[in-house]
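I have placed the structure first, in the form of structure tokens, so that the comments after it can refer back to it.
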Amino acid sequence: MRIPLSVLVIAAYAVALTGGAAAQPPAPPFPDVPPWHWAYQGLVSDARAGLLVGYPAAPAELLGNAITQVYDGFAHAHAPEARAWVERFTFNRPADWPGPLERSQVIAFSIRGVTSRIAGDAATAAFTAQVTMGTGQTASTPMRITLRRIDRDWKIDYATLAGGSALFR
């Protein structure tokens, strides 16, 4: 996984803006870098030191990011932060949550052909998810989900995920 462009800012630019003084803002919530990513701790440290800042992305990019982050959470279900990460990008989870996450056997995934319709704080997205399970089986599933913008993040209505794929049931 590469470091997303939305979190990179040249350190010299940050120093120039602050006149060399490094403020101690709280760590920004990089929504495109999950806590298990190899660069996460470095990004958080650099952001706290004032060397990096995130910047807003277009709504469609953030919507696509939410989809990717949920699948990534299922692919890293063993990570201690996976549950909170998936919860950050979903709402309307089932009563047996986090059961579907705990049962996840996803080892790899790809998301293709994301198309979205955004109307204010509501959206729909269609895409094809290719998922590889621990057994080696690969499945390609067309998905159609609904999302809402809640607390600065696009969140997927979990019921639409479960309705489209057994992976989320």
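One table, with the values for the structure above:
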{"read-out": "Gain on full stretching of the segment that runs from residue 91 to residue 40 - 0.36 nm per residue minus C-alpha separation", "value": "15.9 nm"}
{"read-out": "Calculated FRET value between residue 126 and residue 159, using beta carbons and R₀ = 22 Å, to 0.05", "value": "0.85"}
{"read-out": "Contour excess over end-to-end distance, with Cα ends at residue 112 and residue 151 and 0.36 nm allotted per residue", "value": "11.4 nm"}
{"read-out": "Among 138, 115, 161 the positive-end extreme of the charge dipole of region 115-162 (Cβ point charges)", "value": "115"}
{"read-out": "Inter-site label distance for residue 83 and residue 60 at 7 Å from Cα along Cβ, in nm", "value": "3.7"}
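Each value in this text was obtained by applying a stated rule to the coordinates, not by laboratory testing. Here the structure is a predicted model, which is why all the values come from computation and not from measurement. No Cβ is skipped: glycine too gets one built from the backbone with ideal geometry, and neighbour counts run over all protein chains shown.
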